[in-house]
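Worksheet: one structure, shown below.
Rule-based calculations on the coordinates, nothing more; no lab input. Keep in mind that what you see is a predicted model, and the values were worked out from it rather than measured. Cβ placement follows ideal geometry from the backbone for every residue including glycine, while neighbour counts extend to all protein chains displayed.
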Amino acid sequence: MTPQVSRTVLRLEASAVRELKDGINFKKNPEDGKCYIIYKDKDKARACKNQCKHQGGLFIKDIEDLDGSMEYVNPPDSFLQDELEVVISDTDGSMELVELNPPDPWTLDPREAQELQAGELTLTYMTHACMDLKAGSKRMMFDPWLTGPAFARGWWLLHEPPSDAMERLCRADLIYISHMHSDHLSYPTLKLLAEKKPDIPIYVGDTSRPVFWYLERSGVNLTNINVVPFGVWQNVDEHLRFMILMDGVHPEMDTCLIVEYKGHMILNTVDCTRPNNGRLPHGVDVMTSDFAGGASGFPMTFHGGKYTESWKADFIKNERKKLLNYKTQLVKSLQPKIYCPFAGYFTEAHPSDRYIKETNIKNSAEDLNASIRKSCPNILTWTPLPCSVLDVALALADQSNRDAITQPPNATKIYKDSWDFDLYVEELNAAISNDIFKHKSWIQFYYNWAGFKGYNLVIKVIETDDDFKPLDGGCDYLVDFMDLSFPDKRPERDHPYEEIKNRVGVMRHVVVTGRLWDDLYIGFNNRMSRDPDVYHHKFWNHFQTNLPLSAPDWDNFLQTGCKHTDLKQENGFCVLS
């Protein structure tokens, strides 16, 4: 079977997107000369290659043979043009035409659905995005986040995992981890797993940013990591197989999953923004997806200008409503027999994040399921609680069967009420006293390592306490990314400017380990203002996605790079004047 690949065949900047007229537009890729057709209808767009299926010729500018439905008018009732995926950036308005090949890989080597017995195919909910799948004699675990925080110290588990969750994890025949975000690739969980069963088979997709890029150098010794190509069936036994698919918007990082057992499919789209570029199997037996929203620092961590509390509240309300409607329509279009919202059960539990918890209102699984039932009464919905079990055979046989979904035993603890904050925060704060911070040249060394330059943006970084108040003796510095310099004051030229206040423990942990800035941004560990109020996609995409895969060589820095540094210290912190 040919591995599934995705590639961008044409990219238009925002200015070119705005110039598209309603109706047919012809665009050529200047790099390879290939031509494409974009059909625009108000705010919507569809696209295809400019290659006619009649005899392989080109459509011409007075096109009459193809309409906006991509159906051939002449000859009538004949062909549908193979469409490309149109991905429009929410941040900068650019457009990408994406080709996926093969587009529907699960249709290769099809299998007829066989009759299932009660108890043969079950899903048990653990917590957040973690499910325990039993399929015949095999067990598979998804995205085990069972202990500790995610995104440094910003996210904590909402649900109490079953008391035997770690034992279940160790007994699994294989584990699927969708992507590198720490609510799916959980360092505290995998550290415990490595101590108990380091050779357990773990499967990840072949993303350009390796899923285990950080954990491989963190001391977590897992010895059976399997990186598999996209869109290829992986056979577990004669009845059970799975394939990993890429995300259309973030193919470098996000993945989703199809599991098939005896011809019955389970679709797990996890966090994908546009799973498999929007091409997904119709009528699967079970579908799971995220639902909650709130997995971003925007707009809660922004201040100044329009970012009043009322503006934030209105924005969040509207965004959550849009997400709920989108998920409802997605489920309606795919018509799974059973739907379960998951991968959204987190809380900003630390006392210092009370403001975020109160502001960052999320969708409820109950509301989404109610919306789906109203729109699609034929779809069975499941709102999972720890230890609740879905028996797929019973649900498929009779959706009204109360035994199809087993609720947790009466004594089961559903919600967490303690999180061991001190243990994990102290682990982060250990970076504060690292020797590299005795030398102010760490700043230049770090940003040179990061490798982002040639972009007209100046940032001011301020280290703060937990409440985002500046620290006496904390680092306070400017970075000019035009030439990657570190001026004492803002340059005279016109330039965009961002001020970023970071909790010192998290920032220094990110610097020492070379981790992505998601720990700061998605973890609500910074506060930001910007002038003008513009999202700088290239900057944030680099620091959230494209930092070097190898960590900064701080040993070399201490040996050679800071010898001539002019030191000035107060209370153990370097000071930049």
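Counting Lys +1, Arg +1, Asp -1, Glu -1, what net charge surrounds Thr147 among other residues with beta carbon under 10 Å of its beta carbon? Neighbour charge sum, excluding Thr147 itself: 0.
For the stretch 417-502, the antiparallel share of DSSP beta bridges with both residues in that region comes to about 55%. Shown for Cys170, Cys562: other C-beta atoms within 10 Å of each C-beta, ranked fewest to most, produce the order Cys170, Cys562. Computed 3J(HN,Hα) for the stretch 126-143, one whole-Hz value per residue from the Karplus formula 6.51 cos²θ - 1.76 cosθ + 1.60 where θ = phi - 60°, is 9, 5, 6, 9, 9, 10, 10, 9, 9, 10, x, 8, 10, 10, 10, 10, 9, 6, glycine and proline marked x.
Working from label points 7 Å from Cα in the Cα-to-Cβ sense, the Gln399 to Ser218 distance is 4.0 nm. Using θ = phi - 60° in the Karplus curve 6.51 cos²θ - 1.76 cosθ + 1.60, the 3J(HN,Hα) couplings for the stretch 457-467 round to 8, 10, 10, 10, 9, 10, 7, 9, 7, 4, 9 Hz; x is entered for Gly and Pro.
Sparsely packed loop sites in the stretch 429-513 (the trypsin sites (Lys or Arg not before Pro) outside DSSP H, G, I, E and B with at most 11 other Cβ atoms within 10 Å) comprise Lys489, Arg493. Taken over the C-alpha atoms, the stretch 491-539 has Rg and Dmax values of 12.5, 34 angstrom. Between the amide H of His536 and any residue lying 5 or more places away or on another chain, no distance stays under 5 Å, with hydrogens modeled in the peptide plane. Think of each Lys and Arg Cβ as +1 and each Asp and Glu Cβ as -1; about the Cα centre, that makes the dipole of the chain roughly 440 debye. Take the Cα coordinates of the stretch 324-373, assign each an equal point scatterer, and use the Debye formula without solvent to give log10 I(q)/I(0) at q = 0.13, 0.18 Å⁻¹. Debye intensities relative to I(0), on a log10 scale: -0.41, -0.65.
How do the peptides 357-370, 121-134 rank, highest first, by the average count of neighbouring beta carbon atoms within 10 Å per residue? List each step's numbers first, then the result.
Values: 357-370: 17.5, 121-134: 24.7.
Those peptides, ordered most packed to least, come out 121-134, 357-370.
Annotation: amide H-H contacts under 5 Å for Ala47 (H modelled 1.01 Å from N, sequence separation of 5 or more, or interchain): Tyr39, Leu84.
Per-residue 3J(HN,Hα) values for the stretch 237-242, derived from phi via the Karplus relation 6.51 cos²θ - 1.76 cosθ + 1.60 with θ = phi - 60°, read 8, 5, 10, 10, 8, 8 Hz in sequence order (x marks Gly and Pro). Of all aspartates and glutamates in the structure, those lying under 17 Å Cα to Cα from Lys438, and not within fewer than 8 positions of it along the same chain, are Glu463, Asp472, Asp476, Asp553, Asp555, Asp566, Glu570. The residue among Thr107, Tyr125, Val534 whose Cα reaches farthest toward the positive pole of the charge dipole of the chain, with charges on the beta-carbon of Lys, Arg, Asp and Glu, is Val534. Each stretch of four or more DSSP H residues adds -39500 (n - 2.57); spread over every residue of the chain, this sum gives -5500 deg cm²/dmol at 222 nm.
Stretch Ser485-Arg7 to full length: gain in nm at 0.36 nm per residue minus the Cα-Cα span? Can you show the working numbers first?
Working: separation 478, 0.36 × 478 = 172.08 nm, distance 3.50 nm.
Using 0.36 nm per residue and subtracting the Cα-Cα distance, I get 168.6 nm.
In terms of the Cα gyration tensor, with a ≥ b ≥ c the square roots of its eigenvalues, is the stretch 431-574 rounded because a/c is under 1.5, prolate because a/b exceeds b/c, or oblate?
Values: a/c = 1.34, a/b = 1.27, b/c = 1.05.
Note, shape of the stretch 431-574 comes out rounded.
Listed by chain and number, the aspartates and glutamates whose C-alpha is less than 19 Å from the C-alpha of Lys322, apart from same-chain residues fewer than 8 away, are Asp43, Asp90, Asp271, Asp290, Asp314, Glu366, Asp367.
For Lys49, the lysines whose Cα falls under 17 Å of its own Cα, not counting residues fewer than eight places away in the same chain, are Lys27, Lys28, Lys34, Lys40, Lys61. For the stretch 133-229, rounded, prolate or oblate, judged on the Cα gyration tensor with a ≥ b ≥ c (square roots of eigenvalues), a/c < 1.5 rounded, else prolate if a/b > b/c? The shape class here is rounded.
If eta is 1.567 mPa s and T is 4 °C, what Stokes-Einstein diffusion coefficient results for the stretch 269-424, Kirkwood Rh from Cα pairs, in µm²/s? It would help to have the intermediate numbers written out before the result.
Numbers: Rh = 17.6 Å.
In µm²/s, the coefficient rounds to 74.
Subtracting the Cα-Cα distance from 0.36 nm times the residue separation, let me have the gained length for Thr308 to Gln335 in nm, one decimal. Kindly include the intermediate steps, with their values, before the conclusion.
Working: separation 27, 0.36 × 27 = 9.72 nm, distance 4.04 nm.
Length gained, Thr308 through Gln335: 5.7 nm.
Which entries of Lys138/Lys197; Lys312/Lys413; Lys321/Lys416; Lys312/Lys357; Lys327/Lys416; Lys362/Lys416 have Cα-Cα distances beyond 23 Å here? As for pairs spanning more than 23 Å Cα to Cα, those are Lys312/Lys413; Lys321/Lys416; Lys327/Lys416. Neighbours of Lys327, meaning other residues whose beta-carbon lies under 14 angstrom from its beta-carbon, give a summed charge of +3 when Lys and Arg score +1 and Asp and Glu score -1. DSSP assigns beta bridges within the chain; of those with both partners inside it, close to 75 percent run antiparallel. Per residue, the convex hull spanned by the alpha carbons of the chain comes to 178 Å³. Overall size of the stretch 120-421 from C-alpha positions, given as principal axis extents largest first: 60, 49, 43 Å.
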